[in-house]
């Protein structure tokens, strides 16, 4: 393992024990892996000239692991008058969705692309939350409407549909059930028809459907379950439905996927009088414009978006087990921004800016199709952005697309990736074989825990390290997980973990930070274990403070000090140590694999503007220490001859 330091680094185990103190009630999300202890700037240097920064970084994160055997998939389907065609588009894609999740074969080539789902729960709720205590509201009945209760009725009695099903929790078991038959059943209840309340509450309905009465072991630490408006219009008085009519849908260790299908903006209200034609506060505004006009949460009429960000996050102890997807009215041209996680660009799109139409009776649509029009889903996009920032997986697609296939593909990708790997916030610096200077340790559940593995010897690609006593006084085995090379990972030919910066779908799953720690299919983490990633790793900083690979430099600009490089195609020479083109050109340091200033003595570093730096003239092998094997054999005994900061090295 490459330590890239002059002496032996502090052991991973000692850092593990110092950092962890095994808090059984706290877990951190893999999808938002953070960098701890980053030395993000150079040591202080009086000349304020470009310096080779101290690039050591201890990257560490504890990850709660629960394998994706169970997925709970909730569809919120808008059942207002404009949604007939969209409901049919969704139903058409359900069989493929179930088949792919059950087989793990995403592209139908006969090869498994991810670990298939063993058990799938599917439920359907509508956007209709009624008119509260009011009567005479167009399209909305008095009361709480469908109230976020899972649908168990079908409006169809043909094509294999029953008029009423025993439960709104539809369960598919991979080993016993037929995917197409199951999808047909779900389609029976998802074909809602129209006529539901035109004041859609697309966020409040699924939140109420999934909210339990009290916090539990599987909810987020510090979670306080929200309360809901009562039928007589009193806010924050009614409990959610997870422990009542929707009992049994949401399971403790499942991946939870919430899918919104709607062509309207969310109008989740605290004050049902917004819908009343005669309320003097709202009379001057047409009904179709009220949700937008009075949408500022500080007015106390509409719930703030944070309610849904925090409410959905609270349902899982690990945000990596939460998937939020919307097939909504974003303009089709913003789907690329959605895939990249650039929600600000979506909201800034001209068609997403609410503006009344020429008659002043409704908003201008955000997109349109032959089936109809859709309107700017601003609150839904804001919710997606908040969830993504907290580590949940997010997928947004346009309901104006002619087919829902790309949208369903996005949902599948997020579910498949729920525990396949941990997205990293920035790139690491891999060796030629793809390995990185990191260790992965897995703390297994205590012996005697039902249904789990508690012995390192029972897991492929693990080596027993030591017993760890957690803060509850329980002894648990700590296993070191083998790291495999990129070639082994791509061939899936050995158990272990690997640094994934090559999967073509990384941009879809990890957004703007397309790299992650992943496991081969032969060595998934044990259910109930805790995985710790520890890296002593160089980080590319450069004078621009951004990650740029010098061997694929962006915009044709010259490389800068501290950027990644590879020895087989060294282009560091396109950059200089100072802005002056006559200053020394850079070279690729074979020890750190970062662009640095070449030298023959300490004076060379001073001349280059690196005050206080020294020229490391040791051989590359000596300078690399335990990482000497990562230096090409032909140059191991060559002098390093690179300016280094003696405080950092």
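Some observations on this one:
- Of the residues making up segment 268-307, those that are free of Cβ contacts under 8 Å to residues at least 24 places away in the same chain and in a loop (DSSP other than H, G, I, E, B) are 278, 279, 280, 281, 282, 283, 284, 285, 294, 296, 304.
- Those residues of segment 312-337 which are assigned to a helix (DSSP H, G or I) and either crowded, with 24+ Cβ neighbours inside 10 Å or touching a residue at least 60 places away in the same chain (Cβ under 8 Å) (or both), in sequence order: 312, 313, 319, 320, 321, 332, 334, 335
- Boolean, residue 226 is in the same structural domain as residue 79 (by TED's automatic domain parsing) and either under 15 Å from residue 124 (Cβ atoms) or in contact with a helix residue (DSSP H, G or I) (Cβ under 9 Å, 6 or more places away or on another chain) (or both): yes
- If you go through segment 109-120 and pick out every residue that is under 23 Å from residue 405 (Cβ atoms) and either at pLDDT 80 or above or touching a strand residue (DSSP E or B) at 6+ places or on another chain (Cβ under 8 Å) (or both), you end up with 2.
- When residue 175 is tested against the conditions (1) surrounded by fewer than 14 Cβ atoms within 10 Å (Cβ to Cβ); (2) in contact with a helix residue (DSSP H, G or I) (Cβ under 6 Å, 6 or more places away or on another chain), the lone failure is (2).
- Looking at 260, 250, just one residue is outside any loop (DSSP other than H, G, I, E, B), in contact (Cβ under 8 Å) with a residue 60 or more places away in the chain and in the same structural domain as residue 97 (by TED's automatic domain parsing), and that residue is 260.
Listed here are the residues, each with its yes/no results for (1) at pLDDT 80 or above; (2) surrounded by fewer than 16 Cβ atoms within 10 Å (Cβ to Cβ); (3) within 27 Å of residue 438 (Cβ to Cβ).
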site: 534; (1), (2), (3): no, no, yes
site: 552; (1), (2), (3): no, yes, yes
site: 562; (1), (2), (3): no, no, yes
site: 583; (1), (2), (3): no, no, no
site: 599; (1), (2), (3): yes, no, no
site: 634; (1), (2), (3): yes, yes, yes
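- Candidates in segment 106-157 are the residues that are free of Cβ contacts under 8 Å to residues at least 40 places away in the same chain and buried (at least 16 other Cβ atoms within 10 Å of the Cβ); of these, the one that is farthest from the chain's Cα centre (by Cα) is 154.
- Looking only at residues in segment 158-172 that are touching a helix residue (DSSP H, G or I) at 6+ places or on another chain (Cβ under 8 Å) and within 17 Å of residue 91 (Cα to Cα), the one that is surrounded by the most Cβ atoms within 10 Å (Cβ to Cβ) is 172.
- On inspection, residue 242 does not qualify as touching a strand residue (DSSP E or B) at 6+ places or on another chain (Cβ under 8 Å) and in contact (Cβ under 8 Å) with a residue 12 or more places away in the chain.
- Residues of segment 604-649 that are farther than 25 Å from residue 431 by Cβ and touching a helix residue (DSSP H, G or I) at 6+ places or on another chain (Cβ under 6 Å): 613, 614.
- Unmet requirement for residue 489, which otherwise passes all of (1) out of contact with any helix residue (DSSP H, G or I) (no Cβ under 8 Å at 6 or more places or on another chain); (2) closer than 22 Å to residue 253 by Cβ: (2)
- Members of segment 178-198 found to be over 21 Å from residue 78 (Cα atoms) and either touching a helix residue (DSSP H, G or I) at 6+ places or on another chain (Cβ under 8 Å) or buried (at least 19 other Cβ atoms within 10 Å of the Cβ) (or both), listed by number: 179, 180, 182
- Residue within segment 183-201 that is without any contact (Cβ under 8 Å) to a residue 24 or more places away in the chain, assigned by TED's automatic domain parsing to the domain that holds residue 99 and either more than 19 Å from residue 247 (Cα to Cα) or part of a loop (DSSP other than H, G, I, E, B) (or both) present: no
- Output for segment 370-413, where each listed residue is under 14 Å from the mean Cα position of the chain (by Cα), under 16 Å from residue 313 (Cα atoms) and outside any loop (DSSP other than H, G, I, E, B): 383, 384, 385, 386, 387, 388, 389, 393, 394, 395
- Filter result for the condition that a residue is more than 27 Å from the chain's Cα centre (by Cα), in the same structural domain as residue 440 (by TED's automatic domain parsing) and either on the phi > 0 side of the Ramachandran plot or assigned to a helix (DSSP H, G or I) (or both), over 457, 465: 457
The values are calculated or read from the model by the stated rules, or taken from the named source; none is laboratory data. Keep in mind it's a predicted model, so treat the numbers as computed, not measured. Heads up, the Cβs are rebuilt from the backbone with ideal geometry, glycines too, and the neighbour counts pull from every protein chain shown.
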